[in-house]
Amino acid sequence: MKSIFTDFNYPREKAIESMKTSIPAEMWKSNSEFVDSVRCLIRQHPVARHPAIEVLNKGELSHEAMKIIHMEYRHAIVQIFTDALLMAQHQSRQLEPRLSPGSKMAPRFLLTLNVLDEFGFRPGFDEAKYYRGNPAYAHYPLFEAVLNDLGITEQERNEYVPSKIASEVRAFLEASYSDYSMIAALLAVAEEEVILYSPPLRKATGAIGVNVETGYYYVHGVTMDQTAEAADDDHEDDLWLILIQACTPDRYQGLQAMCKKYCNLWDEFWSYQLRQLDLNKPDLAIVN
């Protein structure tokens, strides 16, 4: 029999099993049913079928419109996503002493897989038999490279004043940083938003001549997408599993309400972006 101390295969599955055995079976079942209901609510939310998805998929937005959308999106989520992941890792300490000693390590393990992806690591060994990775391929710098391709200068980025709704979306996630269950839930919602909107954003960005075959848009999407090298669906699943371990029945109503509110804010965010495509502003108009 292989020793537990030498078996490094199937890391996600091992972490999930560890979390599952850290709480009573009935609580895992109850929490799983709650999380399933929240995921269903999100899938049925208007943001999942927002008109912005179709508009982006058509690839008819002007260069100027795409510059603004990217600056808005940058402020709302891209700049703070790894901050939120690291805060979730830190706040997993809230599992103890409610659960057994060491119970925080399995969710931290899963969060680390997400963080490694965000920071530019890749599975496998390099030529020196060490970890493969490059901080130049971290997702945030890759997004900044898209802004470079769009011709947005550093001064423009520094001086950009985000919309009220972009600031509200950002502040809502930042306000969860002290609450482990809340931040896990909102990060899961954020991953769903990335899954929904990255492919349309990729199409709209590529349509104005920006290379989207590599870089930021190549590493965002789902594992089944053969045109990308992405695992946002795995990351989302992991975050929901982390919430299953973390939450308690007294939190159900509040967590569901906050997930719905976060979806509402994203819905408002995309509605605002569409309102900016005013045909009276030629530089923001849809290209015919």
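The values are calculated or read from the model by the stated rules, or taken from the named source; none is laboratory data. Here the structure is a predicted model, which is why all the values come from computation and not from measurement. Here Cβ is always computed from backbone atoms with ideal geometry, including for glycine, and neighbour counts include all displayed protein chains. Ligands, DNA and RNA are excluded from the accessible area calculation, which covers all protein heavy atoms including side chains. Shrake-Rupley method; radii C 1.70, N 1.55, O 1.52, S 1.80 Å.
Specify whether the C-alpha gyration tensor of the range 166-274 places it in the rounded, prolate or oblate class, a ≥ b ≥ c being the square roots of the eigenvalues: rounded for a/c under 1.5, otherwise prolate if a/b is larger than b/c and oblate if not.
It is oblate, given that a/c is not under 1.5 and a/b is not larger than b/c.
Tell me the angle of helix 232-246 to the major Cα principal axis of the chain, expressed in degrees between 0 and 90 and rounded to the nearest ten.
Relative to the chain, helix 232-246 is tipped by roughly 40 degrees.
Round to the nearest 0.05 the FRET efficiency obtained for ARG157 and HIS90 when R0 = 25 Å and r is the Cβ-Cβ distance.
0.35
Scan around ILE208 for amide H atoms under 5 Å from its own, H built in the peptide plane at 1.01 Å from N, and keep only partners 5 or more places away or cross-chain.
The list, which skips near neighbours in sequence, is empty: none.
At a 1.4 Å probe radius, carbon and sulfur cover how many percent of the accessible area of the chain?
56
Using only the alpha-carbon atoms, what does the range 52-104 span along each of its principal axes? Please give whole angstrom values in decreasing order.
Result for the range 52-104: principal-axis Cα extents of 55, 20, 11 Å.
Rounded to the nearest 0.05, what FRET efficiency do ARG275 and LYS58 give with R0 = 30 Å and r taken as the Cβ-Cβ distance? Could you check?
Working from the Cβ atoms, E equals 0.95.
Can you list the residues, at least 5 places off or on another chain, whose amide H is less than 5 Å from the amide H of GLY133, using H built in the peptide plane?
ARG122
Determine by what factor the alpha-carbon radius of gyration of the chain differs from 2.2 N^0.38 Å, reporting the quotient.
The value comes to 1.05.
Using the alpha-carbon atoms, what tilt in degrees (0 to 90, nearest 10) does helix 180-206 show relative to the longest principal axis of the chain?
40
At R0 = 22 Å, how high is the FRET efficiency between ARG12 and ASN264 if r is their beta carbon distance? Nearest 0.05 is fine.
Here the calculated transfer efficiency is 0.10.
Hey, can you grab everything whose amide H is under 5 Å from the amide H of LEU61? Only 5+ residues off in sequence or another chain; H modelled, so Pro and N-termini drop out.
Residues meeting the criterion, in which the H sits 1.01 Å from N, are VAL287.
With springs only between Cα atoms under 10 Å apart, run a GNM on the chain and tell me which of LEU142, LEU41, LEU187 wobbles the most.
So, out of LEU142, LEU41, LEU187, the one fluctuating most is LEU41.
Pairs of Cα atoms under 8 Å, at least six residues apart: use those to get the relative contact order of the chain, whole percent.
After rounding, I find 30 percent.
Give me the accessible area per residue for the range 128-255, probe 1.4 Å, as a whole number in Å².
Counting only protein heavy atoms, the per-residue value for the range 128-255 is 44 Å².
Could you tell me which residue out of MET182, ASN148, PRO200 lies farthest along the dipole of the range 136-214 toward its positive end? Charges go on the beta carbon: Lys and Arg +1, Asp and Glu -1, centred on the Cα centre.
My answer, from the dipole projection, is PRO200.
Using label points projected 7 Å from each Cα along Cα→Cβ, tell me how many nm separate ALA175 and LYS20, to one decimal.
3.6
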